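Below is one structure; the comments refer to it alone.
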Amino acid sequence: PKIMSPSFYHTELSRALSEQAFGLTRFDVYGGSSPHEATASVTLLEGRTIRITLTARGYQVRIACLDGDQIFESIEGLLQAVSAAYEGRRREALFSRL
(Lines give C-alpha, C1' and ligand atoms only; values in the text may rest on other atoms or scores of the structure.)
Protein backbone atom coordinates (compact mmCIF):
# COMPACT_ATOMS: atom_id res chain seq x y z
CA PRO A 1 0.00 0.00 0.00
CA LYS A 2 1.14 3.49 -0.82
CA ILE A 3 1.77 5.69 2.24
CA MET A 4 0.68 9.26 1.62
CA SER A 5 2.61 12.05 3.22
CA PRO A 6 0.51 14.66 5.00
CA SER A 7 -0.58 17.53 2.79
CA PHE A 8 0.77 21.04 3.21
CA TYR A 9 -2.56 22.04 4.75
CA HIS A 10 -2.48 19.20 7.29
CA THR A 11 1.10 20.09 8.28
CA GLU A 12 0.34 23.82 8.43
CA LEU A 13 -2.85 23.41 10.49
CA SER A 14 -1.03 21.09 12.93
CA ARG A 15 1.82 23.60 13.30
CA ALA A 16 -0.51 26.58 13.76
CA LEU A 17 -2.59 24.83 16.44
CA SER A 18 0.53 23.54 18.21
CA GLU A 19 1.79 27.12 18.49
CA GLN A 20 -1.56 28.14 20.05
CA ALA A 21 -1.84 25.11 22.36
CA PHE A 22 -1.53 27.38 25.44
CA GLY A 23 -4.98 28.75 24.63
CA LEU A 24 -6.74 25.47 23.78
CA THR A 25 -7.92 22.48 25.78
CA ARG A 26 -7.11 20.03 22.97
CA PHE A 27 -7.07 19.62 19.21
CA ASP A 28 -7.01 16.77 16.71
CA VAL A 29 -6.10 17.36 13.07
CA TYR A 30 -7.38 14.87 10.54
CA GLY A 31 -6.93 14.61 6.82
CA GLY A 32 -9.57 16.09 4.63
CA SER A 33 -11.18 14.40 1.69
CA SER A 34 -8.76 16.36 -0.46
CA PRO A 35 -5.03 17.23 -0.31
CA HIS A 36 -6.16 20.86 -0.65
CA GLU A 37 -7.59 21.14 2.86
CA ALA A 38 -7.23 19.94 6.42
CA THR A 39 -9.73 19.94 9.26
CA ALA A 40 -9.28 19.92 13.03
CA SER A 41 -11.59 19.38 15.94
CA VAL A 42 -10.62 22.01 18.53
CA THR A 43 -11.83 22.16 22.13
CA LEU A 44 -11.72 25.72 23.43
CA LEU A 45 -10.86 26.68 27.01
CA GLU A 46 -14.58 27.28 27.59
CA GLY A 47 -15.20 23.59 26.85
CA ARG A 48 -16.92 24.15 23.50
CA THR A 49 -15.68 22.11 20.51
CA ILE A 50 -15.45 23.71 17.08
CA ARG A 51 -14.29 22.50 13.69
CA ILE A 52 -11.62 24.50 11.87
CA THR A 53 -10.78 23.93 8.21
CA LEU A 54 -7.68 25.28 6.45
CA THR A 55 -7.79 25.79 2.68
CA ALA A 56 -6.10 28.13 0.21
CA ARG A 57 -8.71 30.74 1.23
CA GLY A 58 -7.60 30.69 4.88
CA TYR A 59 -8.84 29.38 8.22
CA GLN A 60 -12.56 28.75 8.37
CA VAL A 61 -14.89 27.94 11.25
CA ARG A 62 -18.56 27.06 11.25
CA ILE A 63 -20.36 28.04 14.43
CA ALA A 64 -23.77 29.53 15.01
CA CYS A 65 -22.59 32.74 16.71
CA LEU A 66 -20.73 33.86 13.56
CA ASP A 67 -22.66 34.70 10.43
CA GLY A 68 -22.05 32.16 7.69
CA ASP A 69 -18.64 30.71 7.10
CA GLN A 70 -16.18 33.36 8.15
CA ILE A 71 -12.66 33.15 6.71
CA PHE A 72 -9.67 34.28 8.78
CA GLU A 73 -6.14 35.00 7.57
CA SER A 74 -4.61 33.72 10.80
CA ILE A 75 -5.39 31.07 13.39
CA GLU A 76 -4.95 33.76 16.07
CA GLY A 77 -7.66 35.92 14.51
CA LEU A 78 -10.04 33.00 14.35
CA LEU A 79 -9.42 31.96 17.96
CA GLN A 80 -9.78 35.55 19.20
CA ALA A 81 -13.17 35.76 17.46
CA VAL A 82 -14.56 32.56 18.98
CA SER A 83 -12.97 32.37 22.45
CA ALA A 84 -12.74 35.15 25.03
CA ALA A 85 -10.69 32.84 27.28
CA TYR A 86 -8.15 32.33 24.48
CA GLU A 87 -7.54 36.08 24.23
CA GLY A 88 -6.91 36.33 27.98
CA ARG A 89 -4.51 33.37 27.92
CA ARG A 90 -2.71 34.82 24.87
CA ARG A 91 -2.21 38.12 26.68
CA GLU A 92 -0.80 36.27 29.72
CA ALA A 93 1.60 34.33 27.49
CA LEU A 94 2.82 37.54 25.82
CA PHE A 95 3.38 39.31 29.15
CA SER A 96 5.24 36.34 30.60
CA ARG A 97 7.77 36.62 27.76
CA LEU A 98 8.50 40.30 28.47
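Residues of the range 52-64 include at least one that is at pLDDT below 90, out of contact with any Gly (no Cβ under 9 Å at 6 or more places or on another chain), closer than 26 Å to LEU94 by Cβ and of a type outside the set (Phe, Trp, Tyr). Among the residues making up the range 48-59, those that are touching a helix residue (DSSP H, G or I) at 6+ places or on another chain (Cβ under 9 Å) and either closer than 19 Å to VAL82 by Cβ or open to solvent by less than 80 Å² (accessible area, probe 1.4 Å) (or both) are ARG48, ILE50, ILE52, THR53, LEU54, THR55, GLY58, TYR59. When the range 35-47 is filtered for residues that are free of Cβ contacts under 8 Å to residues at least 24 places away in the same chain and either open to solvent by 30 Å² or more (accessible area, probe 1.4 Å) or not in a strand (DSSP E or B) (or both), the ones remaining, listed by number, are SER41, GLY47. Note on the range 1-51: residues that are of a type in the set (Lys, Arg), touching a strand residue (DSSP E or B) at 6+ places or on another chain (Cβ under 7 Å) and modelled with pLDDT under 95 total 1.
The values are calculated or read from the model by the stated rules, or taken from the named source; none is laboratory data. These numbers come from a predicted model, not from an experiment. Positions of Cβ are backbone-derived with ideal geometry, glycine not excepted, and every protein chain shown enters the neighbour counts. Please note that ligands, DNA and RNA were not included when accessible areas were found on the heavy atoms of the full protein model with its side chains. Shrake-Rupley method; radii C 1.70, N 1.55, O 1.52, S 1.80 Å.
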